[in-house]
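Please read the structure below before turning to the comments.
The values are calculated or read from the model by the stated rules, or taken from the named source; none is laboratory data. Just so you know, these numbers come straight off a predicted model, no measurement behind them. A quick note on method: Cβ atoms are made from the backbone with ideal geometry, for glycine too, and the neighbour counts reach across all protein chains shown. To get the accessible areas, we keep the full protein, side chains included, count just its heavy atoms, and leave off ligands, DNA and RNA. Shrake-Rupley method; radii C 1.70, N 1.55, O 1.52, S 1.80 Å.
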Amino acid sequence: MRFFASAILCVVMATIVSGQAGQKPKKFLTGPLVIEDQGSFFIGGVQKVTDYAAPPPAAPGAAVPAASATAPHQITIGQMYVQFQIPAKKYAGGWPVIMVHGSSHTAACLESTPDGREGWYPYFVRKGVPSYVVDQSGRGRSGFDESVIHEGEARIVSGDLKGGADLIPGFGRITDDGAWTNWFGHLIPANATILTGKLVPHADAADPNPNPDAFRHVAPLFPIDTVDPSLVSRAGAIGPAPAGSPETYALEYYKQLVPNAEVTLPGSTCNTCDPTTIAPANTWTPQNLATLVERLGGAIVVTHSQSGIMGHHMTRILKERGHLGLLKGLVTLEGSCSLPNSGLQAADFDNIPYLAVKGDYTAISPVCQDTVNAINARRADKHGTAKAEYLKLDEMGILGVTHMMMLDKKNLEIADILYNWVGKNVNGVSTRRATH
């Protein structure tokens, strides 16, 4: 009887706690997904033997680390995290799609939206596309090389201030207000800081640049209204409160922004590139993307923002390895399309469909337009057959699309545009026109 009473009490308490917890969680997916496989793995990376895998030990009785290094250890750096889902029923062509995030982001931006809607990653799977998302090398789950920081610290403690400072890289990241002013609106008045001005969205009555000839200023179709109440209240916040509406500094989206820790990895050189010195970001992720394309036996690669040029460097690496034909299509979403920077020529895309895309608040990229024009000039001269196109979504009447289009309220409409473009232009793929 005591056991029975205890069981009843547990059920009652669980019911009370469940009721206190709130409503049933919202479903992110638009419907069930039927997959045959899913998982994750790491690709690439190299070993590094270093005396600075861990922080230097503190000197006896001292509050600061000793100048001496620890014992040598091996770590692995430069690897890239890959996550995938394979649908049970595949689309006609079957080529997998690899999606690559941009600066200060991880693959999280492709999984779901800040307001709890289906992201591109599951949506492409729903359309029958084997889909892969990655965290750039040095970012997120791919990890970074902490040993360079520890070594710099040890040198500084030993008195080599310049040598130590030179070793410790500067971590870039997109700030919350920087994301707003770059993609969603403005900080006003001019020359204000977040402590003296306020953030306003595009098309606001206070919009300082309403000229539709410069940008088609309609309200951004991004979930800027999805905020965290605890952040609105600034509970536990560090530092002074910005001026203006607290909601503009409390977006759920801001939680996705992370430091660009790939700066801890070494860079490289490329004799055919201009410039020939290649940053760490454009060294490791392109190498690993090329290896992933090879491992999959061919793939379409979709890049965004910072990773745009990485997709081009990946193309060069595949060419250098004699595997250019494994790249079935390259899509650049508001990223760099520079052929000289990546050591490429228009002829390299004779048989590779090429698509550049821009949204509503970003100016037309002369570099992307020049690249598409150069590829199409070869078509006019009867060289190559692959499609090259620069889609301007605003000119297509799709307004309010931000730089973070995969998270916008029209994200699935834009996904359909990409899906249908692949179906029409990627060799061997024939799909029905998608609608969501």
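Residue-by-condition table, conditions (1) more than 25 Å from the chain's Cα centre (by Cα); (2) at pLDDT 95 or above:
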residue: LEU344; (1), (2): no, yes
residue: ASP350; (1), (2): yes, yes
residue: VAL357; (1), (2): no, yes
residue: TYR361; (1), (2): no, no
residue: ARG379; (1), (2): yes, yes
residue: MET405; (1), (2): no, yes
Output for the stretch 272-307, where each listed residue is touching a residue at least 60 places away in the same chain (Cβ under 8 Å), under 19 Å from ARG173 (Cβ atoms) and either open to solvent by less than 10 Å² (accessible area, probe 1.4 Å) or not in a helix (DSSP H, G or I) (or both) = PRO280, THR285, HIS304, SER305, GLN306, SER307
How many residues, within the stretch 331-374, are part of a loop (DSSP other than H, G, I, E, B), touching a strand residue (DSSP E or B) at 6+ places or on another chain (Cβ under 8 Å) and either under 25 Å from GLY423 (Cβ atoms) or open to solvent by less than 40 Å² (accessible area, probe 1.4 Å) (or both)?
-> 6
Can you tell me which residues in the stretch 1-51 are at pLDDT 50 or above, open to solvent by 80 Å² or more (accessible area, probe 1.4 Å) and polar (S, T, N, Q)?
-> GLN23, THR30, GLN38, GLN47
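Please tell me if GLU413 is surrounded by fewer than 22 Cβ atoms within 10 Å (Cβ to Cβ) and touching a strand residue (DSSP E or B) at 6+ places or on another chain (Cβ under 6 Å). Steps first, please.
Values: surrounded by fewer than 22 Cβ atoms within 10 Å (Cβ to Cβ): yes; touching a strand residue (DSSP E or B) at 6+ places or on another chain (Cβ under 6 Å): no.
Spelling it out, it is not the case that GLU413 is surrounded by fewer than 22 Cβ atoms within 10 Å (Cβ to Cβ) and touching a strand residue (DSSP E or B) at 6+ places or on another chain (Cβ under 6 Å).
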Within the stretch 314-321, is there a residue that is closer than 30 Å to LEU393 by Cβ and either crowded, with 24+ Cβ neighbours inside 10 Å or at pLDDT below 95 (or both)?
-> yes
What helices (runs of 4 or more DSSP H) completely inside the stretch 109-213 contain at least 2 residues that are open to solvent by less than 50 Å² (accessible area, probe 1.4 Å) and under 30 Å from PRO96 (Cβ atoms)?
-> 120-126
Go through the stretch 378-404 residue by residue and tally those that are within 19 Å of PHE222 (Cβ to Cβ) and open to solvent by 60 Å² or more (accessible area, probe 1.4 Å).
-> 1
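Please enumerate the residues belonging to the stretch 260-271 that are surrounded by fewer than 18 Cβ atoms within 10 Å (Cβ to Cβ) and part of a loop (DSSP other than H, G, I, E, B). Full working, then the answer.
Taking the stretch 260-271 as the starting set, the residues that turn out to be surrounded by fewer than 18 Cβ atoms within 10 Å (Cβ to Cβ) are 266-269, 271.
Scanning the stretch 260-271 gives PRO266, GLY267, ASN271.
Give the stretch 220-258 a look and list any residue that's assigned to a loop (DSSP other than H, G, I, E, B) and open to solvent by 60 Å² or more (accessible area, probe 1.4 Å), or say none. So that I can check it myself, show each step before the final result.
In the first step, residues of the stretch 220-258 are kept if they are assigned to a loop (DSSP other than H, G, I, E, B); the result is 220-226, 228, 233-245, 250, 257-258.
Within the stretch 220-258, ASP225, SER233, ARG234, ALA235, GLY236, ILE238, PRO240, ALA241 qualify.
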